[in-house]
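Encoded as structure tokens, the structure appears first; notes follow it.
The values are calculated or read from the model by the stated rules, or taken from the named source; none is laboratory data. In this text the structure is predicted, and so the values were computed from the model without any measurement. Every residue, glycine as well, gets a Cβ built from its backbone with ideal geometry; the counts of neighbours run over all protein chains shown.
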Amino acid sequence: MPNDSVEIPAAGLPWQWPEAQWRAIVNKVRAGRSLLPDSWPGGARVAVALSFDSDHESTTLRMGESSPGKLSQGEYSSRVGVRRIVRLLDKYDIRATFFVPAVCAMLHPEEQRHLAGAGHEIGIHGWIHERNSELPPADERELQMRAADVLEKISGVRPVGIRTPSWDFSQHTLAISREMGLLYDSSLMGDDDPYEILEDGVATGIVELPVEWIKDDAVYFNMDRLSGLRPHTAPSAVLEIFKAEFDGAYRESGLFVLTMHPHFIGHRSRMAMLDELVRYIRSHTGVWFATHAQVAQYCKDKASPALVAP
């Protein structure tokens, strides 16, 4: 069973910690062996996994706020953003992964049923976009399991993967995912390409599909009117970055994971940028567009020796 005994110390300054203490913290969750396959399906040169975090109203609700103005941005996400995204995916016959907080699935059940029916994947994304590292372990476990149950009930498909809200991965998240028998996680940043997650130095059998802020639309398009966080990067500049990241994955025959949010990417100018990016990717030979679950299962099947059960 996973060892949950390691905790971030409540007292003592980091430079005063004994070696055993900081080593235990570092080794709690680490990147294990690479799971990058020798080749992708059909001899493809690169795997492209587009993902959309359907946060909708949850990022307002999780703060305990009730501002109609802030909630309307989440409403736009479902009312406009997801619909535009689906039209683009249909246009190019691409299947993608949507990570959905359970509360958002309950607010927009028909959206999830439509996505699942069209062959897109629905993944776990918390209950109400809570911050995992602030939760007692029992609460985090209960919310993650309850979220999976809700997504299954609404979409008709049991989720096999998780992206933690805000990529907030606590000391207990991995143990919960192992207990649930999940196939993959997509919240960590230990590599560019898939790898097996270790817990306390032990292989878990869970596939990590790594993320990174540079491949996330939120860092370029997010805006808080009450703070200095107002980047509003030009879509053309973001397109340049995303193209360069894809180019690198293509050169290295690797994995290109892109994280997007309907309330950011769903606006007209940004959807035009995403359309151009997809057309650019499709102009290359040997591109495999797949859901996160498809990529993770393929990597797991190709691993030698086979991965242990989570």
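Structure notes:
- Test result for residue 140, in contact with a helix residue (DSSP H, G or I) (Cβ under 8 Å, 6 or more places away or on another chain) and in a helix (DSSP H, G or I): yes
- Residue 225, sole failed condition from (1) among the charged types (D, E, K, R); (2) farther than 18 Å from residue 97 by Cβ; (3) in contact (Cβ under 8 Å) with a residue 24 or more places away in the chain: (3)
- Residue under evaluation residue 177, criteria (1) part of a helix (DSSP H, G or I); (2) in contact with a Pro (Cβ under 6 Å, 6 or more places away or on another chain), criterion not met: (2)
- Residue in segment 11-18 that is at pLDDT below 90 and either more than 25 Å from the chain's Cα centre (by Cα) or surrounded by 15 or more Cβ atoms within 10 Å (Cβ to Cβ) (or both) present: yes
- Elements of type strands (runs of 3 or more DSSP E) contained in segment 191-310, each with 3 or more residues being over 30 Å from residue 63 (Cβ atoms) and touching a strand residue (DSSP E or B) at 6+ places or on another chain (Cβ under 8 Å): 195-199, 202-208, 287-289
- If you check 139, 168, 149 for being surrounded by fewer than 24 Cβ atoms within 10 Å (Cβ to Cβ), within 12 Å of the chain's Cα centre (by Cα), without any contact (Cβ under 8 Å) to a residue 40 or more places away in the chain and under 24 Å from residue 61 (Cα atoms), only one passes: 168.
- Where a residue in segment 171-182 is farther than 8 Å from residue 137 by Cβ and surrounded by fewer than 21 Cβ atoms within 10 Å (Cβ to Cβ) and its partner, wherever it lies, is modelled with pLDDT of 95 or more and of a type in the set (S, T, N, Q), with Cβ under 6 Å and at least six apart: 178/204
- Residue within segment 14-28 that is without any contact (Cβ under 8 Å) to a residue 12 or more places away in the chain, polar (S, T, N, Q) and within 26 Å of residue 133 (Cβ to Cβ) present: yes
- Only one entry in 131, 158 is more than 24 Å from residue 36 (Cβ to Cβ), surrounded by fewer than 24 Cβ atoms within 10 Å (Cβ to Cβ), basic (Lys, Arg) and in contact (Cβ under 8 Å) with a residue 12 or more places away in the chain, namely 131.
Rundown of residues vs (1) among the hydroxyl-bearing types (Ser, Thr, Tyr); (2) under 21 Å from the mean Cα position of the chain (by Cα); (3) more than 28 Å from residue 77 (Cβ to Cβ), yes/no style:
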position: 213; (1), (2), (3): no, yes, no
position: 238; (1), (2), (3): no, yes, no
position: 254; (1), (2), (3): no, yes, yes
position: 257; (1), (2), (3): no, yes, no
position: 268; (1), (2), (3): no, no, no
position: 280; (1), (2), (3): yes, no, no
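- For segment 104-127, a residue qualifies if it is buried (at least 21 other Cβ atoms within 10 Å of the Cβ) and over 24 Å from residue 270 (Cα atoms), and the qualifying residues are 105, 124, 126, 127.
- Residue 237 vs. criteria of a type in the set (A, V, I, L, M), free of Cβ contacts under 8 Å to residues at least 24 places away in the same chain and closer than 25 Å to residue 37 by Cβ: no
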